[in-house]
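The values are calculated or read from the model by the stated rules, or taken from the named source; none is laboratory data. What you are looking at is a predicted structure, and each value in this text was computed from that prediction instead of being measured. We place every Cβ from the backbone using ideal geometry, glycine too, and count neighbours over all the protein chains shown.
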Amino acid sequence: MGIILNRFIRIVKFIIIAICVLFLIFLGISLVLPAKIKVERSISIRAKPKAVKYQILNFRNWPNWHPYLQTGEKIKISLSRNEKKMELTDNKGKKLAYQFVSELNDTIVFSHSDRKNHFTGYKFIVSRDPKNGTFLVLAVEADFGHDRWKRLEGILVDKVTGPHYELALQNLKHYIEGDTSAIRKGL
């Protein structure tokens, strides 16, 4: 009976030590990961920059091209009185909030937060493209601060969210250029 008890104690000690080592490895890795992440996507659109800006600046236009609003789900859209803030609520109660921050020259800035108050900045940089009319860059910057789990998720942000941003830009292009049949729903 004593041998079995000693074996059991050794196994429990091993498991506890292994968990502590894994925790320390996780802690060490999360300390060296960046707190800020940046993802950029761009596209050329055959339209004047003013037309592109109009679609981006007016939240009422977002259902025309934003992939999240193209999913086919019933999504409630609430606009603030001055229409500078939009809150989206899906049928499961998940909320997303977008807020207009600024427009300076050719840069339009929005902030985005979810119900866990993780904030992301969206910069739409609109410039004249001599060949196609408008060159649009979507630069997304996320700040995970001290949230170690989010920092680990940050490793995959470009791979996971990049296709969504590409789809948003492609949908915007199709909508502005009049090819609405090519607009795709969210991924």
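Based on what the data block shows, is Phe100 of a type in the set (Phe, Trp, Tyr) and touching a helix residue (DSSP H, G or I) at 6+ places or on another chain (Cβ under 8 Å)? In short, yes.
Do we find that Leu152 is closer than 24 Å to Gly28 by Cα, exposed (fewer than 15 other Cβ atoms within 10 Å of the Cβ) and in the same structural domain as Ile43 (by TED's automatic domain parsing) in this structure?
Values: closer than 24 Å to Gly28 by Cα: yes; exposed (fewer than 15 other Cβ atoms within 10 Å of the Cβ): yes; in the same structural domain as Ile43 (by TED's automatic domain parsing): yes.
Here the answer is yes, as Leu152 does meet what is asked.
The single condition from (1) in contact with a Lys or Arg (Cβ under 8 Å, 6 or more places away or on another chain); (2) exposed (fewer than 14 other Cβ atoms within 10 Å of the Cβ); (3) of a type in the set (A, V, I, L, M) that Ala182 fails is (1).
Note on segment 66-161: enclosed strands (runs of 3 or more DSSP E) holding 2 or more residues that are under 23 Å from Ile37 (Cα atoms), in contact (Cβ under 8 Å) with a residue 12 or more places away in the chain and among the hydrophobic types (A, V, I, L, M, F, W, C) are 95-104, 107-114, 119-129, 133-143.
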